[in-house]
1. Can you name the number of the only condition in (1) over 20 Å from residue 3 (Cβ atoms); (2) modelled with pLDDT of 95 or more that residue 276 fails?
2. For region 161-196, enumerate the residues that are touching a helix residue (DSSP H, G or I) at 6+ places or on another chain (Cβ under 7 Å), surrounded by fewer than 23 Cβ atoms within 10 Å (Cβ to Cβ), under 19 Å from residue 42 (Cβ atoms) and of a type in the set (Asp, Glu).
3. Kindly provide the set of residues from region 66-75 that are in contact with an Asp or Glu (Cβ under 8 Å, 6 or more places away or on another chain) and either more than 17 Å from residue 31 (Cβ to Cβ) or crowded, with 24+ Cβ neighbours inside 10 Å (or both), ordered by number.
4. Considering only residues that are over 20 Å from residue 185 (Cβ atoms) and among the hydrophobic types (A, V, I, L, M, F, W, C), which ones fall in region 268-286?
5. What residue, among those in region 111-148 that are of a type in the set (A, V, I, L, M, F, W, C) and touching a residue at least 60 places away in the same chain (Cβ under 8 Å), is surrounded by the fewest Cβ atoms within 10 Å (Cβ to Cβ)?
6. Would you check which residues across region 1-36 are hydrophobic (A, V, I, L, M, F, W, C), over 16 Å from residue 218 (Cβ atoms) and modelled with pLDDT of 95 or more and list them?
7. Checking the condition assigned to a loop (DSSP other than H, G, I, E, B), closer than 30 Å to residue 240 by Cα, in the same structural domain as residue 195 (by TED's automatic domain parsing) and hydrophobic (A, V, I, L, M, F, W, C), which residue from 7, 30, 47 passes?
8. In region 268-302, what residues are farther than 18 Å from residue 207 by Cα, of a type in the set (D, E, K, R) and surrounded by 16 or more Cβ atoms within 10 Å (Cβ to Cβ)?
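The values are calculated or read from the model by the stated rules, or taken from the named source; none is laboratory data. These numbers were taken from a predicted model, which means no experiment stands behind them. Because the Cβ atoms are built from the backbone with ideal geometry, glycine has one as well, and the counts that use them run over all protein chains shown.
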Amino acid sequence: MKRTVFLQDENAVWLKGNLHSHTVNSDGSLTPEEMKEAYKHHGYDFLAITDHDFYSDTRNMTDADFTMIQGFELWSNAGNEKDIHVHYLWEDSIEPLKPNETFHLPERTGRVATAFAYEMRNKGCFVQLNHPHWSMLSVEDIEFDNPYHAVEIMNYGTEWLENTGDGSVFWSEMLYRGNKVWGTGGDDNHNHYPLDDMYSDSFGGFTVVKARDRSSKAIMEALFTGSFYTSTGPSIYDFYVEDDEIHVVCSPCERIFISGHTRPYQRKLGRHVTEFVTKLKGSEKLVRAECMDAAGRSAYTNPIYLE
C-alpha cells in the first residue's frame with residue numbers, strides 16, 4: 001500500500017506560491033497589483049496578500065495563469081496572553097470577513113483569540129501560526145490551545161533580514177509532542193527595498209502545492225490535506241512509503257534526512273543526490289524528509305502519519 005501526502009492524480013499540477021505578503025493596505029510598500037506582477041514575473045503561480053488586520057480582497061485579480069488566495073494576518077494572543085501573529089487563508093467561494101475592511105479582535109486575550117481561530121476554522125479557513133522564532137515562542141505557549149492547521153517553518157523576510165525566520169525546530173517539537181500540523185513557508189515581504197536589492201525580502205521562501213487545478217479551491221484543498229512542500233530552493237518531486245520503504249525524489253542535493261517522531265535517524269549524502277530509498281525501522285509514528293542543496297537551502301516534506 002502506497003502512503004503519501006501528495007495528491008495522487010495524473011492530472012494534478014505543481015504550483016509555486018507565496019502565502020505571506022504585505023501591501024500598502026497595511027505596512028508594505030507595493031500595491032496588490034504590483035505585488036502580483038512581481039511574483040508572476042518571477043515564475044510563481046499563486047499569491048496570498050495577507051495584510052495586517054486588513055482583508056485585501058483580490059479575487060478579481062486572478063487570471064488564467066495566476067491565482068490569488070484570500071487572507072489576512074491577525075495580531076493575536078496565545079492562551080497565555082503572549083503576542084502571536086496568526087494567518088487566515090481561504091478560497092474564493094467563502095467570505096468569512098467583509099472585503100477591504102480592517103478587523104481587530106474585540107478583546108485581545110488568549111480566550112477571545114482562540115475562540116476566533118476556531119470560528120474561522122468552522123467557516124472554512126486555513127489557520128496558521130506565523131514565524132514562531134521571530135515571535136520568541138516556545139511550544140508550551142501554544143500547545144494547549146492549538147487551533148492551527150500549520151506552522152510557518154520558513155519566513156524568508158525575517159530569516160534574511162533578522163535571522164529569526166527558521167521555525168523548523170519549533171515545528172519538530174510540536175510533532176514530537178503529538179501535535180499534527182503541516183509546515184508552510186512564505187516571504188512575509190514588505191518590500192521596503194527594491195525587488196533587486198540585496199535587502200529585498202521577496203522571492204526566498206515558498207510553498208509548492210500539488211493540486212487538482214489552478215483554482216483557489218484546489219490550492220486550498222492541497223493546503224488542508226498537506227499536499228505540498230516548503231522550500232527555500234530545492235524541489236521535491238515525490239515522497240511516499242510503500243512496502244515498508246521510504247522514497248524521496250528531489251532536485252540535486254547534498255543531503256537528504258529522514259525523520260520520524262524523534263530526531264533525524266537516516267540520511268544520504270553526496271554531490272548530486274536526487275533519490276533516497278530506505279527501510280522503515282518499524283516503530284515510526286510518522287516520517288518526513290528534508291532535502292538540502294549545496295548552498296544550504298532546504299526543502300521540507302509534510303509528515304506521512306503511519307499510525
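1. So the condition that residue 276 fails would be (1).
2. Once the filter is applied, which keeps residues that are touching a helix residue (DSSP H, G or I) at 6+ places or on another chain (Cβ under 7 Å), surrounded by fewer than 23 Cβ atoms within 10 Å (Cβ to Cβ), under 19 Å from residue 42 (Cβ atoms) and of a type in the set (Asp, Glu), region 161-196 yields nothing.
3. 67, 69, 70, 72, 73, 74, 75
4. Matches in region 268-286: 269, 273, 276, 277, 280.
5. The selected residue is 144.
6. Residues satisfying the conditions are 24, 30, 35.
7. When all the criteria are applied, what remains is 7.
8. Within region 268-302, 268, 284 qualify.
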